[in-house]
Amino acid sequence: MDIQAQIERAGFPPGVQVSSYTEPDLNVGGTVFRIMRREAGVKYGLEIVLTAEAIERYGEGPTIATVLHELRRHAEEGLPAVEPGQEYERLVFTGD
């Protein structure tokens, strides 16, 4: 599945950067999706972890689409500020 193509089709607001990476150290395993934008020298952002369990349970395509939809919603409603030295606020999508 081409994640970058899905990101491009998701319709994020201008100035919002979207990236994804696998984080093997997560005790749940999975992929981290991060959105970030800068405004007047302040960095804003949010992450959602898509667990391997969620992908197995619901399928790769639907789970990635759901994560991107949620990230776009947060980008449109407003992202939390990321202070220097702090980590991004993180949400987790699990396979309950």
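Among DSSP beta bridges whose residues both lie in the chain, state the antiparallel percentage, nearest 5.
Among the beta bridges of the chain, antiparallel pairing accounts for roughly 75 percent.
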**Item:** Heavy-atom accessible area order for E23, E83, largest first, 1.4 Å probe
**Value:** E83, E23
**Message:** 7 Å from Cα along Cα→Cβ at both T66 and E39: what's the point-to-point distance in nm?
**Reply:** 2.9 nm
**Complete:** Helix-only [θ] at 222 nm, the chain, -39500 (n - 2.57) per DSSP H run of 4+, per residue, nearest 500, equals -10000 deg cm²/dmol
**Fill in**
The helix 60-77 Cα axis meets the longest alpha-carbon principal axis of the chain at an angle in degrees, between 0 and 90 and rounded to 10, of 20 degrees
**Complete:** Here the tail fraction of P(r) beyond 22 Å, over all Cα-Cα pairs of the chain, rounds in percent to 26 percent
**Asked** How big is segment 48-96 by Rg and Dmax over its Cα atoms, in Å?
**Response** 12.5, 36
**Fill in**
Taking a probe of 1.4 Å and leaving out DNA, RNA and ligands, the chain shows per residue an accessible area in Å² of 60 Å²
**Prompt:** Along the positive direction of the dipole of the chain (beta-carbon charges: Lys, Arg +1; Asp, Glu -1; about the Cα centre), which of Y21, A40, G59 reaches farthest?
**Reply:** A40
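The values are calculated or read from the model by the stated rules, or taken from the named source; none is laboratory data. None of these values were measured; they are calculated from a predicted model. Cβ coordinates were reconstructed from backbone atoms using ideal geometry, including for glycine residues, and neighbour counts include every protein chain displayed. In case anyone asks, the SASA skips ligands and DNA or RNA and just uses the protein heavy atoms, side chains included. Shrake-Rupley method; radii C 1.70, N 1.55, O 1.52, S 1.80 Å.
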